[in-house]
1. Could you list all residues from the range 50-80 that are farther than 20 Å from Asp187 by Cβ and touching a Lys or Arg at 6+ places or on another chain (Cβ under 6 Å)?
2. Looking at (1) polar (S, T, N, Q); (2) under 26 Å from Trp232 (Cα atoms); (3) surrounded by 14 or more Cβ atoms within 10 Å (Cβ to Cβ), find the lone condition where Thr111 falls short.
3. Residue check, Ala172 against (1) under 29 Å from Asp24 (Cβ atoms); (2) part of a helix (DSSP H, G or I); (3) modelled with pLDDT of 95 or more, all met but one. Which one?
4. Would you check if there is a residue in the range 7-19 being of a type outside the set (D, E, K, R), assigned to a strand (DSSP E or B), more than 18 Å from Ala116 (Cα to Cα) and touching a residue at least 24 places away in the same chain (Cβ under 8 Å)?
5. Test each condition in (1) assigned to a strand (DSSP E or B); (2) within 16 Å of the chain's Cα centre (by Cα) for Val100 and report the one that comes out false.
6. Could you please find all residues in the range 20-38 being in a helix (DSSP H, G or I) and under 15 Å from Pro55 (Cβ atoms)?
7. Going by what's in this entry, would Trp136 be described as surrounded by 14 or more Cβ atoms within 10 Å (Cβ to Cβ), outside any strand (DSSP E or B) and of a type in the set (Phe, Trp, Tyr)?
8. Hey, can you tell me all the residues within the range 45-73 that are modelled with pLDDT of 95 or more, over 21 Å from Phe13 (Cβ atoms) and in a loop (DSSP other than H, G, I, E, B)?
Amino acid sequence: MRLTLLEEINPVFPSVTEALDQPDGLLAVGGNLYPETLSKAYERAIFPWYTDDEPILWWSPSNRCVLMPENFYISRSLRRVLRQKYYSVTSDTCFRDVVVACSKPRDSCGTWINSAMIDAYSDLHNQGQAHSIEVWDKKKLVGGIYGVLVGGVFSGESMFSVVNNGSKIAMAHLCQYMSRAGMFCLDCQIENSHLMTLGTELIPRSTFVEHLSKSLDVEFLWDFNNYSNWIW
């Protein structure tokens with residue numbers, strides 16, 4: 001199959017069935033990161049992922065790494081931390097700060113979250129489609145996750161932690177909230193060894209697209225900050 005070159009203005013995404021086998025899931029190149037383009041992409045199970053020295057690349061892997069909210073693995077040590085309620089958890093109080101924190105290089109590695117991506121997802125947040133979960137030690141931001149809500153699917157883009165379990169605390173609250181709200185899954189997009197220890201699984205792209213399409217018919221109200229009945 002040939003890689004689709006998107007127009008910069010009003011890009012039209014091809015079917016995800018046209019994604020390449022190698023590299024797995026690469027679907028298109030070009031386009032833009034405007035909120036309407038990102039919305040169209042996520043509604044079609046497509047997401048951008050590229051580095052500074054590359055054009056915008058769009059992906060839809062043959063197998064999707066997802067986490068069913070009720071399957072999030074909570075270790076004994078994490079459950080103990082959650083029950084202590086030492087850290088407070090909020091949503092959407094400092095979205096851009098969470099994205100910037102996620103963009104910091106880790107372990108001498110680079111980052112794919114460049115300034116254009118930070119601006120793009122901040123714009124999407126301002127339109128009510130991207131959300132963040134923040135973990136606080138008093139007034140210090142110590143962990144978090146951000147992503148895009150599409151129907152009953154929350155596509156997690158990245159997370160960060162500056163204390164032990166910081167990002168896991170965010171994920172635990174996000175998953176419990178999603179489960180109570182009846183959402184389908186936390187879309188982790190691409191598998192890695194760390195995610196697989198948290199209860200994620202791989203499902204075929206066709207299955208993910210089917211569930212995503214069905215969930216688009218349901219409008220979920222994001223009211224995370226009104227939820228307080230956390231059970232650990």
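1. Leu78
2. (2) is the only condition that Thr111 fails.
3. Only one criterion in (1) under 29 Å from Asp24 (Cβ atoms); (2) part of a helix (DSSP H, G or I); (3) modelled with pLDDT of 95 or more is unmet by Ala172, namely (1).
4. So in the range 7-19, the residues of a type outside the set (D, E, K, R) come out as 9-17, 19.
Going one step further and asking which of them are assigned to a strand (DSSP E or B), we end up with none.
Checked against the condition, which is being of a type outside the set (D, E, K, R), assigned to a strand (DSSP E or B), more than 18 Å from Ala116 (Cα to Cα) and touching a residue at least 24 places away in the same chain (Cβ under 8 Å), the range 7-19 yields no hits at all.
5. Of the numbered conditions (1) assigned to a strand (DSSP E or B); (2) within 16 Å of the chain's Cα centre (by Cα), the odd one out for Val100 is (1).
6. Thr37
7. Numbers: surrounded by 14 or more Cβ atoms within 10 Å (Cβ to Cβ): yes; outside any strand (DSSP E or B): no; of a type in the set (Phe, Trp, Tyr): yes.
Taking the combined requirement at face value, the residue does not satisfy it.
8. Met68, Phe72, Tyr73
The values are calculated or read from the model by the stated rules, or taken from the named source; none is laboratory data. As the structure is a computational prediction, the values presented were derived from the model and not from experiment. No Cβ is skipped: glycine too gets one built from the backbone with ideal geometry, and neighbour counts run over all protein chains shown.
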